[in-house]
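The next block holds one structure in the form of structure tokens; read it before the comments.
The values are calculated or read from the model by the stated rules, or taken from the named source; none is laboratory data. These numbers come from a predicted model, not from an experiment. Here the Cβ positions follow ideal geometry from the backbone for every residue, glycine too, while neighbour counts run over all protein chains shown.
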Amino acid sequence: MLPIKSWAEEDRPREKLMQKGIAVLSDAELLAILIATGTQNETAVELAKRVLALTDNNLNQLGKLSVKDLQQLKGIGEAKAIGIVAALELGRRRKQSEVPEHISLQCSHDIAGYFSPILIDLPHEEFWVLMLNTRLKIIGAQKVAQGGVNKTAVDMRLLLKPCIENLASVIAVAHNHPSGNATPSGNDNEITRKVKEATALIDIRLADHIIIAGSSYFSYADEGLL
């Protein structure tokens, strides 16, 4: 098997990027640049293709894999696995930073767009609160609970504390379903009821409860359930 150095220059991922721009590279070629080297029997691009095959070429699913998950693949050691995980995390943070905190969130789509980069790749459930002022501009966001793969217990005191400290007038809460199914559970409905009742007591309005599940989401407000 020919090493990458023996390939035509336009077929090598790094050289191809320099000559033609990053947009023309396939996912496997971009991943090969991160991996840097292949094995004795395969090129970095071929190794990258095997990495992508772990999740049926789904980059969202790839972002959920841990360093240990990636190391199960022959040819991926700790250094390569860490590089892949770090790059995917940078991509997630970049997407999150595209929503500046001074903007106004007016609908469920806006709120889901804010939380999706935070929650979409997690293998466990997390529960977050987004704090807004009277103009629906973001004051801040905070994780208030973390659970297992299908359930999270939320302490109302921990949820209300940052809301009071930041003088929030409106809040939206969100959590994720790692299963990819956005349908709310009985536990989700009970938490929503408790949050609405607790915030009403201190004159804070609950704007929505969003469930992030892969590329889809569920909105309690849109469904008339608040």
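Points worth noting:
- Residue match in the range 135-155 (condition: in contact (Cβ under 8 Å) with a residue 60 or more places away in the chain and outside the structural domain of Leu62 (by TED's automatic domain parsing)): yes
- Meets criteria (modelled with pLDDT of 90 or more and either farther than 30 Å from Leu226 by Cα or not small (Gly, Ala, Ser) (or both)) for Asn150: no
Rundown of residues vs (1) surrounded by 12 or more Cβ atoms within 10 Å (Cβ to Cβ); (2) assigned to a helix (DSSP H, G or I); (3) of a type in the set (D, E, K, R); (4) modelled with pLDDT of 75 or more, yes/no style:
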| site | (1), (2), (3), (4) |
| --- | --- |
| Gly91 | yes, yes, no, yes |
| Gln96 | yes, yes, no, no |
| His102 | no, no, no, no |
| Asp110 | yes, yes, yes, yes |
| Leu122 | yes, no, no, yes |
| Met131 | yes, no, no, yes |
| Thr134 | no, no, no, yes |
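- Complete set of residues in the range 147-191 that are under 28 Å from Asn133 (Cβ atoms), acidic (Asp, Glu) and surrounded by fewer than 14 Cβ atoms within 10 Å (Cβ to Cβ): Asp155, Glu165
- Residues of the range 192-208 classified as crowded, with 16+ Cβ neighbours inside 10 Å, farther than 17 Å from Glu223 by Cβ and either among the small types (Gly, Ala, Ser) or in contact with a Gly (Cβ under 7 Å, 6 or more places away or on another chain) (or both), total: 1
- Filter pass, Ala221 being over 23 Å from Leu105 (Cα atoms), within 23 Å of the chain's Cα centre (by Cα) and hydrophobic (A, V, I, L, M, F, W, C): no
- Checked across the range 212-219, the condition of being over 20 Å from Leu119 (Cα atoms), out of contact with any strand residue (DSSP E or B) (no Cβ under 9 Å at 6 or more places or on another chain) and not in a strand (DSSP E or B) holds for no residue.
- Total residues in the range 50-62 satisfying the condition of being more than 15 Å from Thr37 (Cβ to Cβ) and surrounded by 16 or more Cβ atoms within 10 Å (Cβ to Cβ): the figure is 3.
- Some residue of the range 156-175 being in the same structural domain as Pro123 (by TED's automatic domain parsing), farther than 20 Å from Gly113 by Cβ and under 19 Å from the mean Cα position of the chain (by Cα): no
- Top-ranked residue of the range 183-211 - restricted to ones that are assigned to a helix (DSSP H, G or I) and among the basic types (Lys, Arg), ranked as nearest to Val173 (Cα to Cα): Lys196
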